[in-house]
1. Every residue in the range 241-288 that is surrounded by fewer than 17 Cβ atoms within 10 Å (Cβ to Cβ), out of contact with any Asp or Glu (no Cβ under 8 Å at 6 or more places or on another chain) and under 17 Å from ALA188 (Cβ atoms), please.
2. Please find, within the range 50-90, the residue that is surrounded by the most Cβ atoms within 10 Å (Cβ to Cβ) out of those that are among the hydroxyl-bearing types (Ser, Thr, Tyr) and in a loop (DSSP other than H, G, I, E, B).
3. Of everything in the range 91-111 that's in a loop (DSSP other than H, G, I, E, B) and either outside the structural domain of THR35 (by TED's automatic domain parsing) or polar (S, T, N, Q) (or both), which residue is surrounded by the most Cβ atoms within 10 Å (Cβ to Cβ)?
4. Of the residues SER249, SER215, SER262, only one is modelled with pLDDT of 85 or more and closer than 19 Å to TRP122 by Cβ; which?
5. Quick one: which residue in PRO113, PRO101 is under 18 Å from the mean Cα position of the chain (by Cα) and over 17 Å from THR35 (Cα atoms)?
6. For a quick check of your reading of the model, give me the residue pairs whose first member lies in the range 44-61 and is in contact (Cβ under 8 Å) with a residue 12 or more places away in the chain and of a type outside the set (A, V, I, L, M, F, W, C), whose second is surrounded by fewer than 15 Cβ atoms within 10 Å (Cβ to Cβ) and assigned to a helix (DSSP H, G or I), with beta-carbon atoms closer than 9 Å and at least 6 apart or on different chains.
7. Of all residues in the range 202-214, count the ones that are hydrophobic (A, V, I, L, M, F, W, C) and surrounded by fewer than 19 Cβ atoms within 10 Å (Cβ to Cβ).
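The values are calculated or read from the model by the stated rules, or taken from the named source; none is laboratory data. Values in this document were obtained by computation on a predicted structure and should not be read as measured data. Here the Cβ positions follow ideal geometry from the backbone for every residue, glycine too, while neighbour counts run over all protein chains shown.
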Amino acid sequence: MRALPVIRAAAVALGVVLVPLAAQARQLQVVTTLTTLAALVQPIAGPDAAVTSLVPVGASPEEYQPSPADIVKLHNADILIENGAGLETWLARTIANAKNPTLRVVVCTDGLPIRDKNPHLWMDPLLARLYVAKIAAALERADPTHSMSYAQRARTYDKAIVALAVRTSRKIQTIPAAQRTMIVYHNAWEYYARRFGLRLLGVLEVSPGRDPSPSEVAHLVDLAKRYHARAIFTEPEYSPKLAQALAHSAGIKIVADLYDDSVGTDPRVATYIGMIDYDTDTIVNALK
């Protein structure tokens, strides 16, 4: 029974401050709306913060229905990282239901150049750098104890994203200029295409949950034939039926495994940088 006083005495003699376990710092809890944002946060958070996503891998954030578990996550969170720009239409009510008055909310697209109300800015790596800067600043403010670690990891990650943009551009440039055209299922590629010099001929699903009309499909078929498109690109989480109908009518192939709103379970696409590298290689292989 005398062991504890002896330990305390030894600690005082050595100048060591003993902190009770209950008083030790709680790990920062960071919640993101989608897995691509979690993939941007994790390299900055490192071991100093726990990062989870509301929308699971493989689900669409535009059509997501929050669960009671999501409300609990937000109730216990310190920071919420959302994309904004109209992507998470379900989020405001979820935040209200969580009843967390101390929750810090970071809207990654605030102040950034949103084009045609398209929220997928992170698909341009140079815009993703601005997400990273906002995320790092939020973590540093919320957890001053580890602010230097967050800042250092953010600098390292920023350099990696710059390198990603450079090699992505070089890869796309290997596609003959006349063949740099894409038809996509999901309208997530505007910023990527603009950054790297691809032409988006059209989008099969113009708005979430709305199938194209027969005249819209016919127009896409006409564009595909006129510009000699080689493929329609889609994502694993979407039904292949519409893409198959378009591909059959236009005489082009389907490339069904691009990633944008969600990272994947495959290690190659489980990180943001891995996802963009994989997508780029897939696009280059299809168009060359």
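1. none
2. Filtering the range 50-90 for residues that are among the hydroxyl-bearing types (Ser, Thr, Tyr) and in a loop (DSSP other than H, G, I, E, B), the one surrounded by the most Cβ atoms within 10 Å (Cβ to Cβ) comes out as TYR64.
3. Filtering the range 91-111 for residues that are in a loop (DSSP other than H, G, I, E, B) and either outside the structural domain of THR35 (by TED's automatic domain parsing) or polar (S, T, N, Q) (or both), the one surrounded by the most Cβ atoms within 10 Å (Cβ to Cβ) comes out as THR109.
4. Only one candidate passes the filter, namely SER262.
5. Every option except PRO113 fails the conditions.
6. So the pair list comes out as ASP48/THR145.
7. Adding up the residues that qualify gives 1.
One line per residue, one yes/no per condition, for (1) in the same structural domain as SER60 (by TED's automatic domain parsing); (2) out of contact with any helix residue (DSSP H, G or I) (no Cβ under 8 Å at 6 or more places or on another chain); (3) aliphatic (A, V, I, L, M):
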position: SER213; (1), (2), (3): no, yes, no
position: LEU220; (1), (2), (3): no, no, yes
position: HIS228; (1), (2), (3): no, no, no
position: GLU235; (1), (2), (3): no, yes, no
position: LEU246; (1), (2), (3): no, no, yes
position: SER249; (1), (2), (3): no, no, no
position: ILE254; (1), (2), (3): no, no, yes
